[in-house]
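Heads up: the structure comes next, in C-alpha cells.
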Amino acid sequence: MSDAAPTLRRVSAKTLDEVLARLEKMEKALPPSDGVRWFNRLYLDVTLAVRDYCRAGKPKAPPFLEDLDVYFGNRYFDAFDAAAAGKPLPHCWAPLFEDRHEKAIAPLQFALAGMNAHIGHDLAIGVVDTAQALGVEPTSGSPQHADYDAVNVILKSTEAKTKQWLLTGAIKEIDREVAPVDDQAAIWSIERARDAAWIRAEVLWRLRDHRDLTDAYLAALDSTVGMECRALLLARGL
C-alpha cells in the first residue's frame, strides 16, 4: 500500500454539510498507514455531534456555532491541501503531517496531535473571525459563548467513545503493534482545550486593533502549540 497522500483538493466548504461531506470522503480515502486518518476520524465524529446539536434547534445565537464550524473545517482543509502541495505549514500543523507515516506512533497520538493543533491554535482565530463577520462580540456570558459551551457535554461523550476506539479498534486496522498510550487519552481533554481556546479568542478580540501585538501573539501561539503537538507524537517503546 502506498504512503502517498491521496489527492482530495476541493474549494472551500460553504456549509456544515459540505464540511462533513469532505471529511467523510477523506475517511474513505486515507489509508490506515496514514496518521492523518486517525485525526480525521475523531474530527469527523466531533463535527457530526455539533451538526446534530445545531439541527436540533437548540442554539441560542444561530448561526454562530454552525458558521464557526464551517470556518474551522476549512482551516483543516487548508492545512491538508498545503501539505499535499508541499507548501509550508503552520508550526502547529507541521508535526502531524511530517510524522503521518511514522509506524511507531499510535492512532490515538495522531488524533490528539491533530485536535491539539486545530483547537489550540485555529479555534480562537475562528471565534474572532466568525464573530466579526456576524457583527457580535465574543465575550463570556454572551449567547455565542453559551452555544459554544453547550456542545461541550456532547463533545465530551463523543471524544470518550472515539478515544476508546482509537485505543482498541484502530490498532486492528493498522495491523502492527504500538506502545500503549492510555495516559495520553487521560491527559488531553477536548473540553479543557475548548475552554482555553475561548479565552484566547477574548484576548485576540481585545488585540484586534493592534496588528503588531496580534501578529506576535499568534506567532507565539503557533510555536507553542507546535511544540505540544511534537510532544504528543513522541514514539513510545514497546
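If we scan the range 135-142, do we find a residue that is over 13 Å from TRP198 (Cβ atoms) and surrounded by 15 or more Cβ atoms within 10 Å (Cβ to Cβ)? No; the residues of the range 135-142 include none that is over 13 Å from TRP198 (Cβ atoms) and surrounded by 15 or more Cβ atoms within 10 Å (Cβ to Cβ). Of all residues in the range 90-111, those that are free of Cβ contacts under 8 Å to residues at least 12 places away in the same chain have Cβ atoms under 9 Å from Cβ atoms of residues that are in a loop (DSSP other than H, G, I, E, B), 6 or more apart or on another chain, in GLU98/LEU89; GLU98/LEU233. So for the range 85-93 (the condition being over 15 Å from the mean Cα position of the chain (by Cα) and either at pLDDT below 95 or closer than 26 Å to VAL136 by Cβ (or both)), does at least one residue qualify? No, that holds for no residue. Quick check on my filter: what residues within the range 32-60 are open to solvent by 20 Å² or more (accessible area, probe 1.4 Å) and part of a loop (DSSP other than H, G, I, E, B)? Matches in the range 32-60: PRO32, SER33, ALA56, GLY57, LYS58, PRO59, LYS60. Within the range 185-221, the set of residues being closer than 29 Å to TRP165 by Cα and either in a helix (DSSP H, G or I) or open to solvent by 60 Å² or more (accessible area, probe 1.4 Å) (or both) comprises ALA185, ALA186, ILE187, ILE190, GLU191, ARG192, ALA193, ARG194, ASP195, ALA196, ALA197, TRP198. Among residues that are under 19 Å from LEU65 (Cα atoms) and exposed (fewer than 13 other Cβ atoms within 10 Å of the Cβ), VAL153 is included. Here THR224, THR162 are screened, and the one residue that is of a type in the set (Val, Ile, Thr), closer than 17 Å to VAL46 by Cα and either open to solvent by less than 40 Å² (accessible area, probe 1.4 Å) or in a helix (DSSP H, G or I) (or both) is THR162.
Looking only at the range 100-119, residues that are open to solvent by less than 10 Å² (accessible area, probe 1.4 Å) and either under 8 Å from the mean Cα position of the chain (by Cα) or not polar (S, T, N, Q) (or both) come to 13 in all.
The values are calculated or read from the model by the stated rules, or taken from the named source; none is laboratory data. Predicted, not measured: the structure shown is a model, and the values here were computed from it. For neighbour counting, all protein chains shown are included, and Cβ atoms are generated from backbone atoms with ideal geometry for every residue, glycine included. Note: areas computed on protein heavy atoms with side chains; ligands, DNA, RNA excluded. Shrake-Rupley method; radii C 1.70, N 1.55, O 1.52, S 1.80 Å.
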